[in-house]
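The values are calculated or read from the model by the stated rules, or taken from the named source; none is laboratory data. Computed from a predicted structure; not experimentally measured. Positions of Cβ are generated from backbone atoms using ideal geometry, with glycine treated the same way; all protein chains shown enter the neighbour counts. When the accessible area is computed, the model is the full protein with side chains, heavy atoms only, and any ligands, DNA or RNA have been set aside. Shrake-Rupley method; radii C 1.70, N 1.55, O 1.52, S 1.80 Å.
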Amino acid sequence: MNMQKPFAITLDPGSSLANKTGTWRTERPVYVDRLPPCNAQCPAGEDIQGWLFHAESGDYESAWRHLTRDNPFPAVMGRVCYHSCEGVCNRGKIDAAVGINSVERFLGDEALKRGWQFKGPASESGKHVLVVGAGPSGMSAAYHLRRMGHRVTVKEAGPLLGGMMRFGIPKYRLPREVLEAEMQRVVEMGVKVELNTRVANIATAMQEGHFDAAFLAVGAHIAKRAFIPAKDSSHILDAISVLRSMEGEDQPMLGRRVVVYGGGNTAIDVARTAKRLGATEAIIVYRRTRERMPAHDFEVEEALEEGVMVKWLSTIRQAGEGALTIEKMTLDEKGNPQPTGELETLEADSLILALGQDVDLSLLEGVPGLEISDGVVQVDAATMMTGHPGIFAGGDMVPAERNVTVAVGHGKKAARHIDAWLRGTQIAQSVKHAPATFERLNPWYYSDAPKTVRPQLEMARRTSSFDEVQGGLTEDNALFEARRCLSCGNCFECDNCYGVCPDNAVIKLGDGKRFQFNYDYCKGCGVCVAECPCGAIDMIPETV
Amino acid sequence: MTAPIKFYQTGTFTVGNRLLSPEQRSVQSSLERSNSLNSGHRACQGCGEALGARYAVDAAMRATQGQLIAANATGCLEVFSTPYPETSWQLPWIHSLFGNAAAVGTGIAAAMKVKGRNNVRVIAQGGDGGTTDIGFGCLSGMFERNDDVLYICYDNEAYMNTGVQRSSATPAGARTATTMAVGAEPGAQFGQGKNVPLIAMAHEIPYVATATVADLHDLETKVEHAMSIRGARYLHILVPCPLGWGAASQDTIKLARLARETGLFPVFEAEGGEVTAVTKIRRRVPVEEYLRPQKRFAHLFGAKGQQQMLAGIQARADRNIKRFGLLDVETAE
Amino acid sequence: MQKQIEGSRAVAESVALCRPEVICAYPISPQTHIVEGLGELVKSGELKPCEFINVESEFAAMSVAIGASAAGARSYTATASQGLLFMAEAIYNASGLGLPIVMTVANRAIGAPINIWNDHSDSMSQRDCGWIQLFAESNQEALDLHIQAFKLGEELSMPVMVCMDGFILTHAYERVDMPAQAEVDAFLPTYEPRQVLDPADPVSIGAMVGPEAFMEVRYLAHAKQTMALERIPQIAAEFAQRFGRNSGGLVRDYRCEDAETIVIALGSVIGTLKDTVDELRNDGVKIGVLGIHSFRPFPLAAVRAVLQGAKRVVVLEKSFSVGLGGVVSTDVRLALSGLQLNGYTVIAGLGGRAITKASLARTLRDAIADKLQPLAFMDLDWGIVNRQLAREAATRRSGPIAENLLRDIGTVASKVH
């Protein structure tokens, strides 16, 4: 400063920094991380928002790696997961939920296309874990256990990897090369797999193999039966057998008129399969109404589009040769179906029963400490450990909703606790962040962007082949879809707080490092809180 | 699908956006922003004017590579930024009087011209009182001569520095210390007040624009555009005043947003006296939504509410919407 | 170069020789010819580089000058009367900010009643504004004072008013010696501002100053004016050396050496007084004239020094502090503190009323005889005044004074002859 400044009237620039206006504050803003509803909902415990964040910038490999920290099968998930995350997505309250599932599939497919592989463990623990069943739960556990440095041997009764993913889900929903590829990728981490190896008794198997722990993940392969008076000549099959036989050389002979009995997803799957096998009529007989059908609505819709018919409020009284006797039902006040006595005849070359499945629990016989009820083995919900120390279980075997995502989640959870158990430690109960509710968002800031619709296979090919019905997103679409994420409850570095502070009291730490409040100058006006799009700032009273 | 991805999660509504290329990002999102109005100023909590001033001046600083001088009218902005012995300004800045900021700007611009320093640009700034009332003569003179000054009015719709008295920018119905909420027609008189952006347009100066602190990108774009033009330019920025409006300090931006979304504060640009662009209303809301959070309009509501006055204010918003075409055709009534 | 030109033109050319960079122009009689002349010089390209700005008011004129000066440009404007009052707020601001603007005030009365003719009410109304106020006796001095004013103001970072009598000087065609550009350039250095608005070295000018420092700021302005008391004679001396004539300075006395009676005055009336004094001297009266050329800062010591040996002092004023009397007299009295002099204040020439030698001689003879009222009003028509006072005493709604007076005196609207 060469200038001789006039006293008092002329001042040096920026000298107001000497005035610490932070002393005016009665409340202070603090950055928080809140649990987004998608993450909270995900049965597989995926950090959905976390991997979408990477996908938003087009860094798909980082997104995939982030995703596969929790779930090793994004290509499968992106096809068969019922994506309850989307049901709770806050964006649904603005326009439509983020297409999480379709982005997940895109990432899964991208990984297969690019040949991305999992990294092996940093060090070996020297422990050996037996996994029974190469389904979603077993392979998930194998993946996580291997990552943690344990030797893993998977014993699978069937001839192929995938368990119920292979034998319960039709190809047109899950192409086999996709399933195979994601299973193989786990194997390539150094997981030992023994196919066609049925474990008759777990205690014996562990003893013989010198396993330090076991994770049991046997699928529900046994079809439930219902008593239907039938003539010998009537052609009655069970759904799970039909679907399983689709994996073999010989496709099942179902005839031209196929009736499926049941209202779950398996009923839908088998009806659609029948249609593809050439049935002119595939009719589902279900005793309640569409609203009460356990099958997922989008699957029902797709089936109806493909020409599958449904007789609602109907039960099968009798199966005869080439025909069924159907009784009309009515719903009582409680919504339970009641017979009306009104009968009709339905022509059918075959009847497929899709009334649910059971698990073969015979391998547990004689193992002390196990508790079995309602056809499943009881586990500690926190650890997935059975009553027998060192034996854990998950998937269809334990009390839970039966689907691939839940099974994958069990595998991960069990793996973490097996690891802790093997190391003699305990996993500290992590404090869950408070939920990122819609009310905390400032939705003004998000651009209007309706959900991207995935392309679907044209109808002619859908009903005549087992080509995949649901297409994937293009990269552009996937990027768009990822960018619809609101990042509920977690800073996504939109710079709003940094920009809207009238006092420059927010320090920007740089890309990926978020922000920090400068409490020397923050007056506690709360504009940053009000204008944070994703609700990642709380206002708390100042302590005096 | 080969179309480029244009959608960026929050579009351009947020201050920054990590998905945008750096040159597309706002001045305010930058680590290098000049913070022309530095921390430590004595503006009230949630001051819209402090925010608007930093937005505008930082943008002008970037547009001129820091070759900028500011003249400032008396008022809140001056008082809270430069009480001896500290100033918050980081650019050459002068405060002379309440009513002469535009003329001081003219003088600085003349000095720069005569010295051949054409790269140094000038802004003059003031509140609505210093602009639409006491400074109006000098402002009009600066416009009429087409002096090379960008004048920025930070409009908080009353004389806040002296304790919330009515100015010619005070909206009808608003309570101020000189238009109290008493009598048969409480608040500021209907049928009074002046629209300086339109008056500025009548001078046919190169550039006139309005903006709010709720839309930073729009504001910065306008400042940047203004600095690319020579001659007299006018930017009128709505800056809510928590104290004077009787609003919560955290609602400053929200209220500015609502002012625009109701149609009460039309956001537009004009060149040479003709409107060239209008910021459309994104989600139209009735004026009530804007008025209710402000205590200065409290007398319009409640048991002894003023339905007729409310209707009058709504009519004003509707007129703006029609006059400026603030709604897209398909959503317009 | 000798020139026979109008006073306004002389000032315009003189200002132009000072190379002002920004000139703000707003018309008001009797100043207008000055800015007209400058406008022409700028438009023709004779004065460049210079920004000549036609502003919309005197308030703007001073404000533009403030901006320009703060940004480092030599700035000039001119005004008078109502215009000076209209810019009053900015006048105080310019001095408060220490901006060395030079302004010509073509002295003129202040209304109401509106009156365009000369007196000193306008400048005197701003005597406390912090500007240096120099008064010119002649057109030659007026043009010389502008050259000195820029030098003085810029040295001290203070604005300077050069006061010259409206019409009497501004509109009078007289012979003047116009310096050459090179001479002025040699005398007046380029403007080096004490503070400047420059992006290379940003400062905030015009802070709000509270009770903690305001008095100090005010005192510092006073200290500056005290310095001016020293610099004004020095600059006048330097000017005399370079240009060969005496112009400016604090005071200039005429035949005061042995004077018992000294008349004090400012501006062009000093010339008339000198003639009157010569005549009185011829009659053996020991009388002299003391011209004050720097009214602010007021040269207390210089005035006292001249008056030391006198018996009486007559302050001839073209301004009037209504309800008190003389404006200059008050200051003179301060200079006389402790001296036992008979003092008279003569208010004369308000609103352009002619100050004749005859009236002056009569008034001064009364003073010498100590028959003069302490506060005298030269050539006041007591008849008119008394009639109006009587009217007002009789009738509450007696009507407008000026119109009443004009009605009384008939077709002769003023005593300007």
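Side notes on the structure shown:
- In a residue-by-residue description of the stretch C:31-44, the property of being under 28 Å from C:ALA200 (Cβ atoms) and either within 14 Å of chain B (Cβ to nearest Cβ) or surrounded by fewer than 24 Cβ atoms within 10 Å (Cβ to Cβ) (or both) applies to no position.
- Just one of (1) at the interface with chain B (Cβ under 9 Å from one of its Cβ atoms); (2) modelled with pLDDT of 95 or more; (3) open to solvent by 10 Å² or more (accessible area, probe 1.4 Å); (4) within 13 Å of A:TYR445 (Cβ to Cβ) fails for A:CYS532. It is (1).
- Scanning the stretch A:329-356 for residues that are on the phi < 0 side of the Ramachandran plot and in contact with a Gly (Cβ under 8 Å, 6 or more places away or on another chain) turns up A:GLU347, A:ALA348, A:ASP349, A:SER350, A:LEU353, A:ALA354, A:LEU355.
- Of the residues making up the stretch A:68-77, one or more are outside the structural domain of A:ALA181 (by TED's automatic domain parsing), over 17 Å from A:LYS451 (Cα atoms) and open to solvent by 10 Å² or more (accessible area, probe 1.4 Å).
- Of the helices (runs of 4 or more DSSP H) lying entirely inside the stretch C:1-77, the ones with 2 or more residues being polar (S, T, N, Q) are found at C:7-17, C:58-70.
- Residues that are out of contact with any strand residue (DSSP E or B) (no Cβ under 6 Å at 6 or more places or on another chain), closer than 22 Å to C:VAL105 by Cβ, touching a residue at least 60 places away in the same chain (Cβ under 8 Å) and surrounded by fewer than 24 Cβ atoms within 10 Å (Cβ to Cβ), drawn from the stretch C:266-318: C:GLY271, C:THR272, C:PRO297
- Residues of the stretch B:75-95 that are part of a loop (DSSP other than H, G, I, E, B), at the interface with chain C (Cβ under 9 Å from one of its Cβ atoms) and crowded, with 24+ Cβ neighbours inside 10 Å: B:THR82, B:THR87, B:SER88, B:LEU91, B:PRO92.
- Test for A:ALA217: is it assigned by TED's automatic domain parsing to the domain that holds A:GLY394 and either among the charged types (D, E, K, R) or at pLDDT 90 or above (or both): yes
- C:VAL332 meets all of the listed conditions (1) β-branched (Val, Ile, Thr); (2) touching a residue at least 24 places away in the same chain (Cβ under 8 Å); (3) more than 27 Å from C:PRO233 (Cβ to Cβ) but one, namely (3).
- Filtered by the rule that a residue be not small (Gly, Ala, Ser) and not in a helix (DSSP H, G or I), the stretch A:36-60 gives A:PRO36, A:CYS42, A:PRO43, A:GLU46, A:ASP47, A:ASP59.
- Among strands (runs of 3 or more DSSP E) entirely within the stretch B:113-212, having at least 3 residues that are within 14 Å of chain C (Cβ to nearest Cβ) and either in contact (Cβ under 8 Å) with a residue 24 or more places away in the chain or farther than 30 Å from C:PHE52 by Cα (or both) singles out B:121-127.
- Residue check for C:GLY206: on the phi > 0 side of the Ramachandran plot and touching a residue at least 60 places away in the same chain (Cβ under 8 Å): yes
- Tally, over the stretch B:179-201, of residues that are open to solvent by 80 Å² or more (accessible area, probe 1.4 Å) and either under 16 Å from the mean Cα position of the chain (by Cα) or not β-branched (Val, Ile, Thr) (or both): 6
- If you check A:ASP503, A:ASP448, A:ASP419 for being within 30 Å of A:PHE53 (Cα to Cα), in contact with a His (Cβ under 8 Å, 6 or more places away or on another chain), within 14 Å of chain B (Cβ to nearest Cβ) and touching a residue at least 60 places away in the same chain (Cβ under 8 Å), only one passes: A:ASP503.
- Of everything in the stretch A:481-500 that is facing chain B (nearest Cβ under 7 Å) and part of a helix (DSSP H, G or I), the residue that is surrounded by the fewest Cβ atoms within 10 Å (Cβ to Cβ) is A:TYR498.
- Matching entry among B:GLN45, B:GLN28 (being at the interface with another protein chain (Cβ under 7 Å from one of its Cβ atoms), open to solvent by 10 Å² or more (accessible area, probe 1.4 Å) and either within 20 Å of the chain's Cα centre (by Cα) or of a type in the set (Asp, Glu) (or both)): B:GLN45
- Members of the stretch C:1-53 found to be small (Gly, Ala, Ser) and in contact (Cβ under 8 Å) with a residue 60 or more places away in the chain, listed by number: C:GLY7, C:SER8, C:ALA10, C:SER14, C:SER29
- A:ALA478 fulfils the conditions (1) facing another protein chain (nearest Cβ under 8 Å); (2) crowded, with 19+ Cβ neighbours inside 10 Å except for a single criterion, (1).
- Condition check for A:ASN504: more than 13 Å from A:LEU441 (Cα to Cα), of a type in the set (S, T, N, Q), modelled with pLDDT of 95 or more and buried (at least 21 other Cβ atoms within 10 Å of the Cβ): yes
- Hits in the stretch C:1-30 - residues which are open to solvent by less than 10 Å² (accessible area, probe 1.4 Å), among the hydrophobic types (A, V, I, L, M, F, W, C) and more than 23 Å from C:ALA73 (Cβ to Cβ): C:ALA10
- Within the stretch B:226-283, the residues that satisfy the criterion of being in a helix (DSSP H, G or I) and either without any contact (Cβ under 8 Å) to a residue 24 or more places away in the chain or not hydrophobic (A, V, I, L, M, F, W, C) (or both) are B:PRO242, B:GLY244, B:SER249, B:GLN250, B:ASP251, B:THR252, B:LYS254, B:ARG257, B:ARG260, B:GLU261, B:THR262.
- Filter pass, B:GLN67 being open to solvent by 10 Å² or more (accessible area, probe 1.4 Å), polar (S, T, N, Q), modelled with pLDDT of 95 or more and more than 27 Å from C:VAL209 (Cβ to Cβ): yes
- Pick from the stretch C:165-208, criterion within 27 Å of the chain's Cα centre (by Cα) and charged (D, E, K, R), ranking: nearest to the other protein chains (Cβ to nearest Cβ): C:ARG194
- Taken together, C:VAL15, C:VAL55, C:VAL11, C:VAL22 contain a single residue that is within 29 Å of C:ASP198 (Cα to Cα), under 22 Å from the mean Cα position of the chain (by Cα) and not hydroxyl-bearing (Ser, Thr, Tyr), which is C:VAL15.
- Considering residues of the stretch A:506-544 that are assigned to a loop (DSSP other than H, G, I, E, B), closer than 28 Å to B:SER36 by Cβ and without any contact (Cβ under 8 Å) to a residue 12 or more places away in the chain only, the residue nearest to the chain's Cα centre (by Cα): A:LYS513
- Test: A:VAL193 is outside the structural domain of A:THR315 (by TED's automatic domain parsing), buried (at least 21 other Cβ atoms within 10 Å of the Cβ) and more than 22 Å from A:THR383 (Cα to Cα): no
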